[in-house]
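Single-structure report; data block below.
The values are calculated or read from the model by the stated rules, or taken from the named source; none is laboratory data. As the structure is a prediction and not an experimental result, all values here were calculated from the model. Glycine also receives a Cβ, built like all others from the backbone with ideal geometry; neighbour counts cover every protein chain displayed.
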Amino acid sequence: MIRSLRIQNYAIIDNLEIDFRDGLTAVTGETGAGKSIILGALSLILGERIDSKLFKDNEAKCVVEAEFDISSYRLTTFFNENELEYDGDSCIIRREVQPNGKSRAFVNDSPTSLAVLKILSDRLIDIHSQHQNLLLSDSDYQLKVLDWLIEDTSVLQNYKQSFGRYKQIRNELNKLRQDEKQARSDEEFLRFQYTQLSDAKLISGEQEELEEELKELSHVEEIKRGLYKTEYLLSGDEVGLLPALKEAVNTLQEVVRVFPKLEETAQRMESCYIELADISSDCISHSERIEYDPARIEWINDRLNVIYSLQQKHHLKSVDELIALRQEMEEKLDAIDNFDQTIAELTLRMESALKDTMRCAEILRIERTKQADVLTQFIVNQVKQLAIPNIRFEVRFIEREEPAEQGIDEVEYLFAANKNAPLLPVVDTASGGEISRIMLCVKALIAGSTSLPTIIFDEIDTGVSGEVADMMGNIMREMGRNMQVITITHLPQIAAKGQSHFKVYKYDTENATQTTIVPLNDEERVMEIARMLSGSSLTDAAIENAKQLLNSH
């Protein structure tokens, strides 16, 4: 329920605070007093957009803030999923709109998007205006009404879970069949490509090794010439470095005998000699190993051409990528070979899931049929008292060809207001006033069956009076036993039913006209209802009548 509402800088509202109460609250005021302005401001909490022309002060921001009691709405999961602060009891929604039209929304001081705000506010408050009566012609809404009346919520939940499994398997099967169709058309070309890759017998890392070997074989003479020259410069008798270095080693070793301090230097010199001698040996070894081999060069070129051709064909850059592609093709071909078996297995699973879904759907239909009888009886009994004495109402079930998210049923509300008139869909035969009365009765019934949000009736009583108005007020008062109901009304019969009463009025200041709303005490209520009965000129009879209306509850 909504606990309080604060409005700042909206239309002709400068600063306004309202504290709401449980049960049925009546809101009255003369035409043009600003009741619609308050609803317009409240719509910002519902995530609606604002026209900057409605700013009272074009230099200041507009702020609308509402506090809700959410203890009975089970919103823990919603708050956690949307990373909003949550204490399980209170929720404060604030909307701030700058003069340039930019707005920000907050839930318990956590910034949030308008999309999240709309979802949350829809679960907290329901503004029922004339256009919402159109819901009664919506088949999905008609079905939801029956579902709201089912006490055992697991019936619908079990169906949805079962249908979800069936839908998932069905989608998998449809995708598999599409994949099979596409794969069959591509199979011949895929096998050709796979055979090419398979016949190539590719080995990870071979490209780099072959390219290095080809480079070596292509420069055999150059390599040999360099190795021979290096070996000659190290070991040659005339210019060789090693003979001279060997002599230097021997000389230092002789000196060490008499000058031990040079022992480390002598060892270093000997190490240099050994290292260079080893290098010389390596040069000889490599020179003897490397031979020009035109047959090997031709084979390597042929092998690399195969690799390069496959890479270019498949737009890949390495042998490893080609190997990965070959494995992928192999898996696709295995899948093609196993399509029939996989499809058969998945078909059996789908048939089993469908059977379970239909079983749950039948249970759901039985419950819906029971609630359709409850709804029918309630609507007929209530609407008869709302000046439609010959009403006939019926819920017609239409079986779907395939199960859907809502079940295997579609429903249609049929209505006739007059004797011997044919039963026709509500949308085709009921007038606006008749639909309003039916909708009021529908919401009155479901109010006792589920945690409905706060409902605001915006002049739902338009076009009625007398006993009908009195009965509508009784229905709203009864709804107020299970939920918070706020009704904006011009009828004294309905206003008198409220457990609390607010009056909206305008007043002038030096510079502007303001709208405000105030709670009425018992004496003020008498005077307000008397005004509604007799107009601006209050009479003793109107005052006495007002007292009787208030005391009748």
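Starting from residues that are at pLDDT below 90 and in a strand (DSSP E or B), keep the ones in region 95-109 and report whichever is nearest to the chain's Cα centre (by Cα). Residue satisfying both the conditions and the ranking: S103. Here S72, S121 are screened, and the one residue that is surrounded by fewer than 13 Cβ atoms within 10 Å (Cβ to Cβ), small (G, A, S) and either part of a helix (DSSP H, G or I) or in contact (Cβ under 8 Å) with a residue 60 or more places away in the chain (or both) is S72. Condition (residue is of a type in the set (D, E) and within 16 Å of I455 (Cα to Cα)) applied to region 497-516: is it met by at least one residue? No, that holds for no residue.
Can we say V504 is touching a residue at least 24 places away in the same chain (Cβ under 8 Å), in the same structural domain as G34 (by TED's automatic domain parsing), in contact with a strand residue (DSSP E or B) (Cβ under 6 Å, 6 or more places away or on another chain) and β-branched (V, I, T)? Against the criterion (touching a residue at least 24 places away in the same chain (Cβ under 8 Å), in the same structural domain as G34 (by TED's automatic domain parsing), in contact with a strand residue (DSSP E or B) (Cβ under 6 Å, 6 or more places away or on another chain) and β-branched (V, I, T)), V504 qualifies. Residues of region 23-39 that are buried (at least 17 other Cβ atoms within 10 Å of the Cβ) and touching a helix residue (DSSP H, G or I) at 6+ places or on another chain (Cβ under 9 Å): G23, L24, A26, V27, T28, G29, I37. For region 509-525, the condition holds for no residue, the condition being that it is modelled with pLDDT of 85 or more, assigned to a loop (DSSP other than H, G, I, E, B), touching a helix residue (DSSP H, G or I) at 6+ places or on another chain (Cβ under 8 Å) and of a type in the set (K, R).
Screening the candidates A387, A372 for the property of being touching a residue at least 40 places away in the same chain (Cβ under 8 Å), in a helix (DSSP H, G or I) and within 30 Å of V145 (Cα to Cα) yields one hit, A372. For E331, the criteria (1) of a type outside the set (A, V, I, L, M, F, W, C); (2) surrounded by 13 or more Cβ atoms within 10 Å (Cβ to Cβ); (3) in the same structural domain as F192 (by TED's automatic domain parsing) hold in every case but one, which is (2).
Under the condition of being modelled with pLDDT under 90 and either of a type outside the set (V, I, T) or in a strand (DSSP E or B) (or both), the residues counted in region 23-48 number 16. Being of a type in the set (D, E, K, R), at pLDDT 90 or above and within 38 Å of the chain's Cα centre (by Cα) is true of R365.
For beta carbons closer than 6 Å, sequence separation of 6+ or different chains, a first residue in region 525-553 that is surrounded by 11 or more Cβ atoms within 10 Å (Cβ to Cβ) and a second that is among the charged types (D, E, K, R) and outside any helix (DSSP H, G or I), the qualifying pairs are E528/K503. Looking at region 408-488, the helices (runs of 4 or more DSSP H) lying wholly inside it that each contain 1 or more residues that are of a type in the set (K, R) and in contact (Cβ under 8 Å) with a residue 40 or more places away in the chain sit at 432-447, 466-479. Out of region 264-290, which residues are over 19 Å from G226 (Cβ atoms) and either under 60 Å from the mean Cα position of the chain (by Cα) or of a type in the set (G, A, S) (or both)? Selection gives A266, S271. Collect the residues in region 316-346 that are outside any helix (DSSP H, G or I) and in contact with a helix residue (DSSP H, G or I) (Cβ under 6 Å, 6 or more places away or on another chain), keeping them in residue-number order. If the condition is that a residue be outside any helix (DSSP H, G or I) and in contact with a helix residue (DSSP H, G or I) (Cβ under 6 Å, 6 or more places away or on another chain), then L316 is the only one that fits. For region 1-22, a residue qualifies if it is outside any loop (DSSP other than H, G, I, E, B) and of a type in the set (A, V, I, L, M), and the qualifying residues are I2, L5, I7, I13, L16, I18.
Residue-wise test of (1) in contact (Cβ under 8 Å) with a residue 60 or more places away in the chain; (2) on the phi < 0 side of the Ramachandran plot; (3) surrounded by 19 or more Cβ atoms within 10 Å (Cβ to Cβ).
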position	(1), (2), (3)
Q8	no, yes, yes
R21	yes, yes, no
A41	no, yes, yes
E81	no, yes, no
C91	no, yes, yes
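Among the numbered conditions (1) of a type outside the set (S, T, Y); (2) under 24 Å from A41 (Cα atoms); (3) within 40 Å of the chain's Cα centre (by Cα), the only one that N482 does not meet is (2).
Restricting region 184-197 to residues that are under 19 Å from I307 (Cα atoms) and out of contact with any Asp or Glu (no Cβ under 8 Å at 6 or more places or on another chain), the residue that is surrounded by the most Cβ atoms within 10 Å (Cβ to Cβ) is L197.
Can you report the number of residues in region 519-535 which are over 9 Å from P492 (Cβ atoms) and of a type in the set (G, A, S)?
2
Regarding region 229-242, can at least one residue be identified that is in the same structural domain as E298 (by TED's automatic domain parsing), of a type in the set (G, A, S) and farther than 28 Å from R289 by Cα?
Looking through region 229-242, none of the residues is in the same structural domain as E298 (by TED's automatic domain parsing), of a type in the set (G, A, S) and farther than 28 Å from R289 by Cα.
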